[in-house]
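S.K.: Below: one structure in structure tokens.
The values are calculated or read from the model by the stated rules, or taken from the named source; none is laboratory data. Remember, predicted model here, so these are calculated numbers, not experimental data. Don't worry about glycine lacking a Cβ; one is built from the backbone with ideal geometry, like all the others, and counts go over all protein chains shown. With ligands, DNA and RNA removed, areas are computed over all heavy atoms of the protein, side chains included. Shrake-Rupley method; radii C 1.70, N 1.55, O 1.52, S 1.80 Å.
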Amino acid sequence: SLGVPDRLEALEALQELVEDVDNARDLMAAGGFAEVKGLLAAEEPRLQAGAAWVLGTAAQNDEALQSHLCSAEVDVMPGLARLFREAAPAEVRAKALYAASALQRSHALGRRQFELAGGVHALVDALAGEAAASKLRLKSLTLLADLLAA
């Protein structure tokens with residue numbers, strides 16, 4: 001089994017690869033997103049943030065990938081919502097919000113999954129929390145605005 005530093009390096013390389021939609025679709029065809037989803041539940045916060053970043057990058061403005069990541073087969077939204085609902089480090093919460101935003105942008109199923117996962121309540125809680133970083137508040141407001149505009 002790989003140690004945390006090696007896994008972080010692999011996630012960073014994977015994030016760069018999935019910036020290209022063809023690579024992201026190849027990873028989807030190979031079933032690789034299930035492995036990435038599993039890292040959302042890792043004990044190491046840096047692995048959680050890295051996994052969320054990979055998912056968000058892959059899902060950006062690509063309906064096929066959004067649908068796959070929201071499908072019953074993969075269903076990443078509950079794990080993402082859990083990360084920004086819980087008292088995770090700000091970086092983890094920000095990356096989870098990034099991924100949730102990418103999954104629901106212009107995608108009805110993603111918005112529905114976000115609602116079912118308690119995402120709207122988690123956003124309101126993030127905005128109400130005094131300890132929330134300004135970057136996290138901005139991401140939360142942006143995502144709420146996107147939901148209202150949909």
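S.K.: Condition test on Val4, is it at negative phi and open to solvent by less than 20 Å² (accessible area, probe 1.4 Å)?
M.R.: The answer is no for Val4.
S.K.: Continuing with this model, one more query. Among the listed residues Ala24, Ala13, Ala51, which satisfies the condition of being hydrophobic (A, V, I, L, M, F, W, C), surrounded by fewer than 12 Cβ atoms within 10 Å (Cβ to Cβ) and modelled with pLDDT of 95 or more?
M.R.: Just one listed residue meets the conditions, Ala13.
S.K.: Has the stretch 79-88 got at least one residue that is without any contact (Cβ under 8 Å) to a residue 60 or more places away in the chain and more than 22 Å from Ser140 (Cα to Cα)? Break it down stepwise before answering.
M.R.: First, pick out the residues of the stretch 79-88 that are without any contact (Cβ under 8 Å) to a residue 60 or more places away in the chain: 79-88.
Filter again for more than 22 Å from Ser140 (Cα to Cα), leaving none.
Within the stretch 79-88, none of the residues are without any contact (Cβ under 8 Å) to a residue 60 or more places away in the chain and more than 22 Å from Ser140 (Cα to Cα).
S.K.: Out of the residues in the stretch 84-102 meeting the condition of being among the hydrophobic types (A, V, I, L, M, F, W, C) and part of a loop (DSSP other than H, G, I, E, B), tell me which one is least open to solvent (accessible area, probe 1.4 Å).
M.R.: For the stretch 84-102, the residue satisfying everything is Ala88.
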